[in-house]
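What follows is a single structure, written as structure tokens, with notes after it.
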Amino acid sequence: MKAVQIDLTPEEYHQLDVVRRRAGAAPGEPLRITRRTLDCRRRNVVYHCTVEVGEGSLASLSSLSSLSSVSSGARRVLVVGAGPAGLFAALRCLQRGLKPVIVERGKPVEERKYDIARIAREKQVDADSNWCFGEGGAGTYSDGKLYTRSTKRGDVGEVLRTFVACGADPDIMLDAHAHIGTDRLSGIIANMRHAIEEHGGEYHFGTRMEDLLLKEGRAGGIVDQHGNRIEAEAVILATGHSARDIYELFARRGWLLKAKPFALGVRVEHPQELINEIQYHGKGYSPLLPPAAYSLTAQARGHGVFSFCMCPGGVIVPAATAGGQQVVNGMSNSRRNSPYANSGIAVTVDLNGELGIGSEELGSPLALLRFQQAVEQRMFHAAGDSIDAPTQRLEDFLHRRASSTLGQSGYMGQTVSAPLHELLPPFVVDCLAEGFRAFDRKMKGFISAEAQLLAVESRTSSPVRIPRDSETLQHPQLAGLYPCGEGAGYAGGIVSSALDGIRCAEAVSLRK
Ligand SMILES: Cc1cc2nc3c(=O)[nH]c(=O)nc-3n(C[C@H](O)[C@H](O)[C@H](O)COP(=O)(O)OP(=O)(O)OC[C@H]3O[C@@H](n4cnc5c(N)ncnc54)[C@H](O)[C@@H]3O)c2cc1C
């Protein structure tokens, strides 16, 4: 078997005889494209492809077959949170002969979707079942983009193979920027549950961790909202970056926490057609090309400004996790067929005087969380105490004037005109303005009459870190507790959270 690198136009990509000829494969010889990256930097847009030719190239993808059923006396590991970190931790527990007991405050995916539909319809957020909370975590009703820069943190291929084994399109294995799509993710998460339960794992839905059970100073389980105790030998805490009650619990109990820099900004929305024309160099691009994406970064006044979770052909969703907050995020279906392109545009936020909070508060591990909460509340009030999205045209934002009219939007709710240049913290406004001008130099037309900004993109990553020992992965004060995933500040995104889940389960299995 040999691997060949070739470049193919979108038309050539879909013609097997051309791929075969260009890869030097003999007639009838097995062949498979194993990697594809779309390169639109030059006028002739091409796919850079890796093609495997010869016997062995059709090797089947590994599945969940390495899971074994746990024995009745297996060590119990409590996994708090059924997001990507928790689910992949549970799968690895099963592979290591440990019994995962998953505790999840929300509902199974099949029921969760009704609560999510209700958010836009009734403008009410259930604090246990929403865009972030419920089976599958924040990753379920997301774009399902599966790329990560954390390739050194574990075997990304294992995560992708598991998704495929649970029903994802095998194409995710070859795309450099693979995505699954919201419409497919819920079925995949349900299949993961079936695999976990079949092999002896246990789920407790509607069960919110309210406290940690300590036995002689070691974490030995949790106490839920009804006072029930669920015991285990170890606790993997994978509650995500929106579980503010968990951070409050740590602060109340005096357990070690640290403030962690995060990023805050807005979601920018353009017509997808406009982004296609910018990225594919004009109107005459191939109809075989997918809706175009972008990834942009700039430096402004000592801050990073960057595009984040860009969703081609996507929609914007109200992602608050409780009443009194306004938060936006983006997602798309597998076909990415909405007429809008949206992306978070965020500014890095660090602990310093720019935050406008007193020096005493600056010393608190929850200082950045409080800052994040205050902006979300301000946006909620600006929208008339509702989850309507405060919105401003990008040109008006740059001219620091309110928008007298708004354009169409893919927001799953209503948009309402609001002066974001007055509502966002001043340093965020200044950095965003510089960032947008820099982006427009890289992508001519990014600043356009149709572009508008929706607020607030505040849940980019956790503003708090729950520390852990770099070797044992246990909390420095609480043996047996494994802070895990995005909420603990050790991951960002679906794949890196899944990898961190695997790492934590490995660490538990190695513990004597
Ligand atoms: C709309 C949207 C789109 C996104 N799109 C993408 C994308 O395309 N690609 C990507 O890589 N990332 C995306 N993300 C981010 C991604 O979803 C997260 O990075 C990832 O889900 C984090 O995984 P996690 O397991 O650490 O935490 P989470 O997914 O947040 O899971 C935490 C789980 O813990 C549960 N929980 C919380 N508190 C408690 C408690 N006290 N007791 C019991 N259970 C609790 C929650 O209900 C939740 O199920 C998106 C996020 C959103 C909201």
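The values are calculated or read from the model by the stated rules, or taken from the named source; none is laboratory data. Just so we're clear, the structure is a prediction, and the values are computed from it rather than from any experiment. Please note: Cβ atoms are built from the backbone with ideal geometry, for glycine as well, and neighbour counts cover all protein chains shown. For the accessible areas, the whole protein counts, side chains as well, though only heavy atoms, and no ligand, DNA or RNA atoms are used. Shrake-Rupley method; radii C 1.70, N 1.55, O 1.52, S 1.80 Å.
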key: Any chance residue 147 is open to solvent by 20 Å² or more (accessible area, probe 1.4 Å) and modelled with pLDDT under 85   = yes
request  = Find all pairs meeting these conditions: Cβ atoms under 8 angstrom apart; at least six residues apart or on different chains; first residue within region 138-155 and more than 14 Å from residue 492 (Cβ to Cβ) and hydroxyl-bearing (Ser, Thr, Tyr); second residue assigned to a loop (DSSP other than H, G, I, E, B) and near the ligand (Cβ under 8 Å from one of its atoms).
outcome  = 140/134; 141/131
message = What's the number of the only condition in (1) farther than 23 Å from residue 149 by Cβ; (2) exposed (fewer than 15 other Cβ atoms within 10 Å of the Cβ) that residue 302 fails to meet?
response = (1)
remark   = In region 466-508, residues that are of a type outside the set (A, V, I, L, M) and either part of a loop (DSSP other than H, G, I, E, B) or assigned by TED's automatic domain parsing to the domain that holds residue 435 (or both) total 19
Unique match (being more than 16 Å from the ligand (Cβ to nearest atom), without any contact (Cβ under 8 Å) to a residue 40 or more places away in the chain, open to solvent by 30 Å² or more (accessible area, probe 1.4 Å) and outside any loop (DSSP other than H, G, I, E, B)) among 121, 41 = 121
query = Looking at 381, 421, 399, which is the one that is of a type outside the set (Phe, Trp, Tyr), farther than 22 Å from residue 461 by Cβ, open to solvent by 20 Å² or more (accessible area, probe 1.4 Å) and in contact with a Phe, Trp or Tyr (Cβ under 6 Å, 6 or more places away or on another chain)?
reply = 421
remark   = Filtering region 196-214 down to residues that are assigned to a strand (DSSP E or B), more than 9 Å from the ligand (Cβ to nearest atom) and open to solvent by less than 20 Å² (accessible area, probe 1.4 Å) yields 212, 213
query = Can you find a residue in region 356-376 that is open to solvent by less than 60 Å² (accessible area, probe 1.4 Å) and of a type in the set (Val, Ile, Thr)?
reply = yes
message = If I ask for residues that are open to solvent by 10 Å² or more (accessible area, probe 1.4 Å) and not charged (D, E, K, R), which ones from region 444-459 would you list?
response = 445, 447, 448, 449
task = Scan region 76-85 and give yes if some residue there is within 16 Å of the ligand (Cβ to nearest atom), within 31 Å of the chain's Cα centre (by Cα), part of a helix (DSSP H, G or I) and touching a residue at least 60 places away in the same chain (Cβ under 8 Å), otherwise no.
result = yes
ask   = Counting only residues that are more than 14 Å from residue 88 (Cβ to Cβ) and among the basic types (Lys, Arg), which one in region 141-184 is nearest to the ligand (Cβ to nearest atom)?
value = 145
ask   = With 110, 104 as the choices, which residue is surrounded by fewer than 24 Cβ atoms within 10 Å (Cβ to Cβ) and either more than 9 Å from the ligand (Cβ to nearest atom) or closer than 15 Å to residue 84 by Cα (or both)?
value = 110
inquiry  = Any residue that is among the polar types (S, T, N, Q), assigned by TED's automatic domain parsing to the domain that holds residue 236 and closer than 25 Å to residue 494 by Cα - is there at least one of those in region 93-103?
reply    = yes
query = Any chance region 389-405 includes a residue that's without any contact (Cβ under 8 Å) to a residue 60 or more places away in the chain, within 24 Å of residue 131 (Cβ to Cβ) and either out of contact with any helix residue (DSSP H, G or I) (no Cβ under 8 Å at 6 or more places or on another chain) or in the same structural domain as residue 123 (by TED's automatic domain parsing) (or both)?
reply = no
key: Options 249, 257; residue that is farther than 30 Å from residue 393 by Cβ, open to solvent by less than 40 Å² (accessible area, probe 1.4 Å) and within 14 Å of the ligand (Cβ to nearest atom)   = 249
note = Here, helices (runs of 4 or more DSSP H) confined to region 374-461 with at least 1 residues that are within 30 Å of residue 488 (Cα to Cα) are 420-423, 426-442
query = Do the conditions hold for residue 490, that is, is it open to solvent by less than 10 Å² (accessible area, probe 1.4 Å) and more than 30 Å from residue 269 (Cβ to Cβ)?
reply = no
ask   = If you check residue 132 against the conditions, is it assigned by TED's automatic domain parsing to the domain that holds residue 185 and within 7 Å of the ligand (Cβ to nearest atom)?
value = yes
task = State yes or no: is residue 323 in the same structural domain as residue 380 (by TED's automatic domain parsing) and away from the ligand (no atom under 14 Å from the Cβ)?
result = yes
message = Quick check on this structure: which one of 217, 187 is open to solvent by less than 50 Å² (accessible area, probe 1.4 Å), at pLDDT below 95, more than 14 Å from the ligand (Cβ to nearest atom) and closer than 24 Å to residue 474 by Cα?
response = 217
task = Those residues that are in contact with a helix residue (DSSP H, G or I) (Cβ under 8 Å, 6 or more places away or on another chain), buried (at least 18 other Cβ atoms within 10 Å of the Cβ) and touching a residue at least 60 places away in the same chain (Cβ under 8 Å), I need them from region 124-137; list them, please.
result = 125, 130, 131, 132, 135, 137
